[in-house]
Amino acid sequence: MSVATLGTAAFALNGNMVLQDINLRIERGEIVTIVGPNGSGKSTLLRILIGALAPTSGRVEVASRQIIGYVPQRLNIDVTLPMTVYRFLSLPRRQRRDDMEAALQQAGLSGLGRQPLMTLSGGQFQRVLLARALIEKPDLLLLDEATQGLDYSGSADFYRQIEQVRQTLGCAILMVSHELHTVMRTSDRVISLPIFAGVLVVSLLMALAVTTLSERGYTMDTLLGVLSHSSLAFGLVAVSFLSGIRIDLMAYLFGDILSVGTLDLGIIWGGAALVLILVSWRWSALLTSTLSTDLACASGISPKREKMILTLSLAVVVAVAIKVVGVLLIAAMLIIPAATARPFSRTPETMAIIAAVIGGVASLAGLQASYVMDTPTGPTIVCIVAVLFGVSSVFRHIFQPQRAHA
C-alpha cells in the first residue's frame with residue numbers, strides 16, 4: 001500500500017524551476033533514497049511532502065491519517081535556551097515518559113532523557129532528532145541528510161539503526177543522502193535527480209568560447225586554464241548566493257559515481273554514442289587537421305570546422321562524465337589512457353581502441369578497489385589508470401629499445 005504519491009509534481013522559486021515532472025510512489029515498508037547534485041531539489045521534495053511548501057503544479061497525495069516523522073538536514077538551537085532531551089521530545093505535544101524513553105532506545109540513545117540538549121555531541125543530537133520523529137510511530141519517515149557532520153563509523157551506525165526502525169515499525173522511509181556507499185546496502189530503491197541539461201549547455205557554451213578565442217591569438221593551453229578554473233570559481237561563488245543550498249565540493253570536484261542511476265546511464269551511453277558517431281564521421285579529416293592545417297587546407301578540409309567538431313565532442317564528454325569522475329579528474333581520464341596506449345600502438349586507430357579498453361579496465365578495477373578498500377571511487381579509478389601508465393612506461397623503457405636494435 002502506498003503512503004505517498006507524487007504525480008508530475010513541480011516547484012518553482014522566484015521564477016526558477018527547482019523540481020519538474022516528479023513522479024514517485026512510496027510503498028509501506030520500503031526504504032527509498034534520493035540522490036543528486038546540490039541544488040537539484042532533494043530537500044525541497046521532502047519539504048513538499050511535510051507540507052512546508054506547496055507544489056507549483058502536479059499533485060502530491062499522502063494517504064489519509066498517515067503520520068509523518070521528519071529529521072531535518074540541520075537544526076540550529078539557541079545555545080542560551082535551557083532545554084532537556086525530554087522537553088524537546090514533548091514538543092509540540094506532551095508525551096508520556098515511557099513513550100519518550102522507548103523512542104530514545106529505538107534511536108540508540110537510551111538513558112539521556114534528562115541531559116541538556118547543548119551538552120550533546122553531533123551524533124547524539126541526530127539520534128535525538130530521530131527519536132522525536134519516531135515517538136508517534138510514523139507511517140512515513142523522512143530523513144534529510146540526517147548524518148551530516150557524522151564520521152563514517154557514526155553514519156554507518158545511524159543507517160543500521162534506520163534498518164532496525166523499518167523492521168520494527170514497518171514504516172516507509174524516504175532518505176536524502178550523499179553517502180551511497182553506505183545507504184545502498186539498506187535501500188530498496190535509489191532515485192537520482194540530475195542536472196545534466198544545464199551542465200551540457202554550459203559545456204557547449206564553453207566549447208564555443210574556446211574555439212572563438214583561439215582564433216584571436218590565444219593559445220589553447222592558456223584558454224583552457226583560464227576558462228576552466230575561472231568558470232569553476234564563478235559557479236561556486238554563484239551557488240553560495242542561493243539560500244538553502246549546501247555546496248559539496250568533493251562531489252563536484254571528484255565525482256560521485258555511486259549515485260549514477262538508470263537515467264544517468266542512459267545519458268552517458270547516449271553521449272558516448274553521439275561522440276563516437278561524430279569522431280567516426282570526421283576521423284580522417286580530424287587527423288589530417290591535427291597533423292597540419294596547411295595539409296588540411298590543401299586537401300579541401302576546413303581546419304576551423306574540424307576544430308569546432310572536436311571541441312563540441314569534448315564538451316559532450318565533459319558533460320556526461322562530470323558526475324562520474326568530477327571536474328578535476330576528467331582531464332586525467334582524457335589524457336592518461338591515451339598516453340598509456342602509446343607504446344602499444346602503431347597507428348592512431350589502434351591507439352584510440354587501446355585507450356578505450358584501458359579506460360574501461362581502469363573503471364572496473366577502480367570500482368572494485370573502491371568497494372573493497374572503502375576509498376573515493378573517482379580518484380581510485382584515476383589511481384588505477386595512473387598505475388597502468390607506469391606499467392606502460394616500464395614496458396616502453398625495457399622493450400622498445402630492444403626492438404630498435406633488432
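Here are some notes:
- Shape class of segment 35-82 from the alpha-carbon gyration tensor: oblate, with a/c at 1.5 or above and b/c at least as large as a/b.
- Rounded Å value of the spacing that divides the Cα centres of segment 269-287 and segment 336-405: 22
- Expressed as a fraction of 2.2 N^0.38 Å, the value expected for a compact globular protein of N residues, the C-alpha radius of gyration of segment 273-391 is 1.20.
- The radius of gyration of the Cα set in segment 333-394, together with its Dmax, comes out at 11.8, 39 angstrom.
- The trypsin sites (Lys or Arg not before Pro) found in segment 60-89 that occupy coil by DSSP, while having at most 11 further C-beta atoms within 10 Å, are 65.
- The order of the peptides 307-318, 114-125 by mean Cβ neighbours within 10 Å, most packed first, is 307-318, 114-125.
- Relative intensity of segment 1-104 on a log10 scale, I(q)/I(0) at q = 0.16, 0.18 Å⁻¹, equals -0.89, -1.02, per a Debye sum over C-alpha point scatterers of equal strength in the absence of solvent.
Every read-out reported here was derived from the displayed coordinates using simple, explicitly stated rules and does not represent laboratory data. This one's a predicted model, so the numbers in the text were calculated from it and none came from an experiment. When we count neighbours, we look across all protein chains shown, and the Cβ atoms used for this are built from the backbone with ideal geometry, even at glycine.
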